[in-house]
Amino acid sequence: MKISKRAQDVPPSATIAVTARAQELKAQGVDVIGFGAGEPDFDTPDYIKDAAVKALKAGKTKYTPAAGIIELRTAIAAKLKKENELQYSPDQIIVNLGGKHSVYELMQAVLDPGDEVILPTPYWVTYPETIKLAGATAKIMQTDRDNSYKITPQQLKDAITDKTAMLLINSPNNPGGFTYTPEELKSIAEVLEGTNVIVLSDEIYEKLIYGDTKFVSFASLSEDAYNRTLTLNGFSKTFSMTGWRLGYTAGPVEVIKAMSRLQSHMTSNAVTFGQYAAIAALGEPADEAIESMRVEFERRGKYMAERLNNIKGVQCSEPTGAFYCFPDVSGHYGRTINSQRITSSMDFAKALLDQANVALVPGLPFGCDNNIRLSFACSLEQITEGLDRLNEWLTLDDIQLRV
Ligand code: PMP
Ligand code: GLU
């Protein structure tokens with residue numbers, strides 16, 4: 001049957017593809033270590049599940065307003081005020097079916113063909129596709145390893161044109177594992193003053209920050225930033241609720257209304273009893289549940305980065321946020337390992353899976369072909385075993401490294 005040009009032009013999500021492939025191999029009995037999955041390995045806390053069961057039993061099984069129940073939007077507004085110093089009314093908030101849906105719907109709501117979106121590397125794989133699906137063009141902004149893969153205010157200043165409709169900021173970053181400091185974000189916000197650039201601030205990893213890292217919401221930086229920013233967040237990462245499909249967007253009321261109109265035709269509301277569970281998630285026991293996961297991620301991230309750095313030809317910064325290490329492995333490009341020639345991140349990831357049963361995501365779909373992404377949302381034992389295999393695989397051959 002005929003497939004639309006639009007659909008033909010969209011590749012499958014590389015992150016999902018790697019995770020699915022690792023699961024498939026495991027099901028076949030292959031002893032695979034999976035560093036692909038961008039989802040917490042913890043279960044959803046019981047107090048959230050209990051709230052969902054209670055809502056189901058109470059008959060919360062019907063449609064709600066497309067943008068979500070007022071109680072949840074009020075609870076999100078209270079969260080944003082208390083934790084993020086952001087003053088939003090419930091009509092400035094829409095509940096979406098996961099943060100991925102928030103991204104797609106926002107692009108559909110604000111972008112037109114001919115618009116350009118500044119997309120710094122490394123970027124989450126879904127951003128360029130959703131930009132394309134809105135008929136707009138991603139203007140990829142290359143970043144430097146030496147600047148921890150962050151954009152500079154000057155770079156941004158030089159890149160803005162009459163066509164620039166949006167800047168995408170994702171901090172803490174997937175796949176980079178880095179976090180912009182409040183000062184860095186402030187200087188970015190200052191560059192935008194006097195322009196019409198909308199900011200999509202994807203803050204889905206806000207709770208997963210390590211060491212002395214500080215998180216600040218972009219929209220809270222100034223009145224100007226508040227007026228141009230759509231704040232995106234969700235329940236998947238913070239509360240280990242990836243399968244529940246709950247995300248949200250907050251921002252100027254006219255954009256939220258436009259998203260709501262689109263959503264009323266596309267999906268309608270997020271699952272009704274899930275919305276009640278989301279209210280509970282934001283309630284009292286939250287801090288405790290989140291902190292224990294955060295501490296464990298911090299321990300794993302530190303360990304993973306240290307081990308990666310000890311491998312010859314691999315360079316990795318210690319992650320300050322999210323749950324990913326994003327080492328530069330290009331020192332190994334040009335080698336032939338077990339008769340497989342490695343010239344790119346795609347070759348690297350494929351050969352590693354084929355030869356050593358370790359699954360990870362190549363950097364290319366994130367816009368950085370020198371890198372690979374390893375998620376540390378898996379046990380310390382798996383991390384140890386996977387890195388032992390990686391280390392062994394990379395030292396199989398004694399060919400001179402490029403760096
Ligand atoms: N933004 C980023 C940067 C992500 O890594 C993810 C993870 N999938 C999402 C948004 C969306 O997550 P979800 O759709 O599960 O809410
Ligand atoms: N965001 C996660 C990741 O990057 C989950 C997979 C996806 O939705 O892309 O792995």
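The values are calculated or read from the model by the stated rules, or taken from the named source; none is laboratory data. Remember, it's a predicted structure, so these values are computed and weren't measured experimentally. All Cβ positions, glycine included, derive from the backbone under ideal geometry; neighbour counts span all protein chains shown.
Close contacts from the stretch 167-178, counting a first residue that is under 18 Å from Thr249 (Cα atoms) and hydroxyl-bearing (Ser, Thr, Tyr) and a second that is more than 8 Å from ligand 1 (Cβ to nearest atom) and assigned to a strand (DSSP E or B), with Cβ to Cβ under 9 Å and a gap of 6+ residues or different chains, come to Ser171/Ser201; Ser171/Gly321. When residues in the stretch 376-399 are screened for being among the hydroxyl-bearing types (Ser, Thr, Tyr) and in a loop (DSSP other than H, G, I, E, B), 2 of them pass.
Hand me the list of strands (runs of 3 or more DSSP E) wholly inside the stretch 160-247 holding 2 or more residues that are in contact with an Asp or Glu (Cβ under 6 Å, 6 or more places away or on another chain), at pLDDT 95 or above and within 16 Å of ligand 2 (Cβ to nearest atom).
Details: elements: 164-170, 198-202, 229-234.
Answer list for the stretch 160-247: 229-234.
Restricting attention to the stretch 21-37, does a residue exist that is basic (Lys, Arg), surrounded by 12 or more Cβ atoms within 10 Å (Cβ to Cβ), under 21 Å from Ala356 (Cβ atoms) and without any contact (Cβ under 8 Å) to a residue 24 or more places away in the chain? Yes, because at least one residue in the stretch 21-37 is basic (Lys, Arg), surrounded by 12 or more Cβ atoms within 10 Å (Cβ to Cβ), under 21 Å from Ala356 (Cβ atoms) and without any contact (Cβ under 8 Å) to a residue 24 or more places away in the chain.
Scan the stretch 113-142 residue by residue and report those that are outside any helix (DSSP H, G or I) and of a type in the set (A, V, I, L, M, F, W, C). It would help to see each step written out before you state the result.
First, pick out the residues of the stretch 113-142 that are outside any helix (DSSP H, G or I): 113-125, 134-142.
Scanning the stretch 113-142 gives Val117, Ile118, Leu119, Trp124, Val125, Ala134, Ala136, Ala138, Ile140, Met141.
Scanning the stretch 159-188 for residues that are among the small types (Gly, Ala, Ser) and more than 11 Å from ligand 1 (Cβ to nearest atom), we see that the one that is nearest to Thr15 (Cα to Cα) is Gly177. In the set (1) in contact (Cβ under 8 Å) with a residue 12 or more places away in the chain; (2) more than 16 Å from ligand 2 (Cβ to nearest atom), Lys100 fails one condition alone, (2).
Quick check on the stretch 118-136. Is at least one of its residues of a type in the set (D, E, K, R), out of contact with any Lys or Arg (no Cβ under 8 Å at 6 or more places or on another chain) and free of Cβ contacts under 8 Å to residues at least 60 places away in the same chain?
Let us first name the residues in the stretch 118-136 that are of a type in the set (D, E, K, R), namely 129, 132.
Those left that are additionally out of contact with any Lys or Arg (no Cβ under 8 Å at 6 or more places or on another chain): 129, 132.
Checking the rest, the ones that are also free of Cβ contacts under 8 Å to residues at least 60 places away in the same chain come to none.
No, the stretch 118-136 contains no residue that is of a type in the set (D, E, K, R), out of contact with any Lys or Arg (no Cβ under 8 Å at 6 or more places or on another chain) and free of Cβ contacts under 8 Å to residues at least 60 places away in the same chain.
Tyr123 meets all of the listed conditions (1) within 16 Å of ligand 2 (Cβ to nearest atom); (2) under 18 Å from Thr229 (Cα atoms) but one, namely (2).
With the condition being within 16 Å of ligand 1 (Cβ to nearest atom) and at pLDDT 95 or above, I'd like the strands (runs of 3 or more DSSP E) fully within the stretch 323-375 carrying at least 3 qualifying residues. Lay out the reasoning, then the answer.
On the way: elements: 335-337, 340-342, 372-375.
Strands (runs of 3 or more DSSP E) meeting the threshold: 372-375.
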